[in-house]
Amino acid sequence: MKIRFLGQSCFLIHFGGKKLLFDPAISANPIANNELINTLNPDFVLLSHAHGDHSADAEKILKNSSAKLISNYEIVDYYGKLGIEGHPMNIGGKWEFEFGTVKVVNAVHSSVFPDGSYGSNPVGFVIYNQEACFYFAGDTALTMDMKLIPLTCPKLDVAILPIGDNFTMGIDDALIASDFVECQKIIGCHFDSFGFIKIDHEQSKNLFKSKDKELILLEIDEVLEM
Ligand code: NI
Ligand code: MN
């Protein structure tokens, strides 16, 4: 499993022999590298919700690659009207893809496209195969529903959680979330991209360390191999 961070909540993850691109919004992120947009060539694009800081480059990337979209029903329908192929899902459902199983889980947030179109309920994804299992939380508050993940999915190897506060969980709630989903290794996302979500890196990592957990904060375009 190879996890490449592209800023905010955008990750390119090599999993089960496929390249999965999550929440591509590089052009909407002032601290990301715009030149990377055309180099990613994903096999699948997974969208957690419709907000611009997650969806900004999805149309362009989906049109310029053979990638298939995986998202909630209404978001897949929105892109379907633009001629883009996708696999519609909804909260609580799972499906076996070539790379592994995707289970769609609850996220507590909002979801509307920048043009005002309905983006339905925001979601998170738990993705697993024989080798590994990870959770991509999307934008979410801390929610009791996270306790369902260990009851319904294989043991998590890593969880990607938002930590920037203001629009999503902050670092203290993310620490509780890591308990709820029973995962020791957390990759932070949704931080530093703009003013409301700037975090203190050392303080955040030390908070996790004090509870015998690991918080990984990747630099933009940094790759983590697991
Ligand atoms: Ni959002
Ligand atoms: Mn967001």
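Brief remarks follow.
- Residue among Thr101, Thr140 that alone is open to solvent by 10 Å² or more (accessible area, probe 1.4 Å), of a type outside the set (A, V, I, L, M, F, W, C) and under 17 Å from the mean Cα position of the chain (by Cα): Thr101
- So Phe15, is it buried (at least 19 other Cβ atoms within 10 Å of the Cβ) and more than 12 Å from the chain's Cα centre (by Cα): yes
- Enumerated strands (runs of 3 or more DSSP E) restricted to the range 34-105, each holding at least 2 residues that are within 16 Å of ligand 1 (Cβ to nearest atom): 68-72
- Exactly one residue among Ser120, Ser110 is at pLDDT 95 or above, within 30 Å of Lys81 (Cα to Cα), in contact with a His (Cβ under 9 Å, 6 or more places away or on another chain) and open to solvent by less than 30 Å² (accessible area, probe 1.4 Å), and that residue is Ser120.
- Residue among Ser204, Ser178, Ser193 that alone is surrounded by 17 or more Cβ atoms within 10 Å (Cβ to Cβ) and within 21 Å of Ile127 (Cα to Cα): Ser178
- One residue stands out in the range 165-195 among those that are not in a loop (DSSP other than H, G, I, E, B) and not hydrophobic (A, V, I, L, M, F, W, C): the one that is farthest from His54 (Cα to Cα), namely Asp179.
- Of the residues making up the range 167-222, those that are among the β-branched types (Val, Ile, Thr), more than 26 Å from Ile149 (Cα to Cα) and touching a residue at least 60 places away in the same chain (Cβ under 8 Å) number 1.
- Subset of the range 156-175 [within 18 Å of the chain's Cα centre (by Cα) and open to solvent by 50 Å² or more (accessible area, probe 1.4 Å)]: Asp157, Asp165, Asn166, Phe167, Asp173
- In the condition set (1) more than 15 Å from ligand 2 (Cβ to nearest atom); (2) within 21 Å of Arg4 (Cα to Cα), Gly188 is compliant with all but (1).
The values are calculated or read from the model by the stated rules, or taken from the named source; none is laboratory data. This one's a predicted model, so the numbers in the text were calculated from it and none came from an experiment. Cβ sites come from the backbone with ideal geometry, for glycine too, and all protein chains shown count toward neighbours. All accessible areas refer to the heavy atoms of the entire protein, side chains included, with ligands and DNA or RNA removed. Shrake-Rupley method; radii C 1.70, N 1.55, O 1.52, S 1.80 Å.
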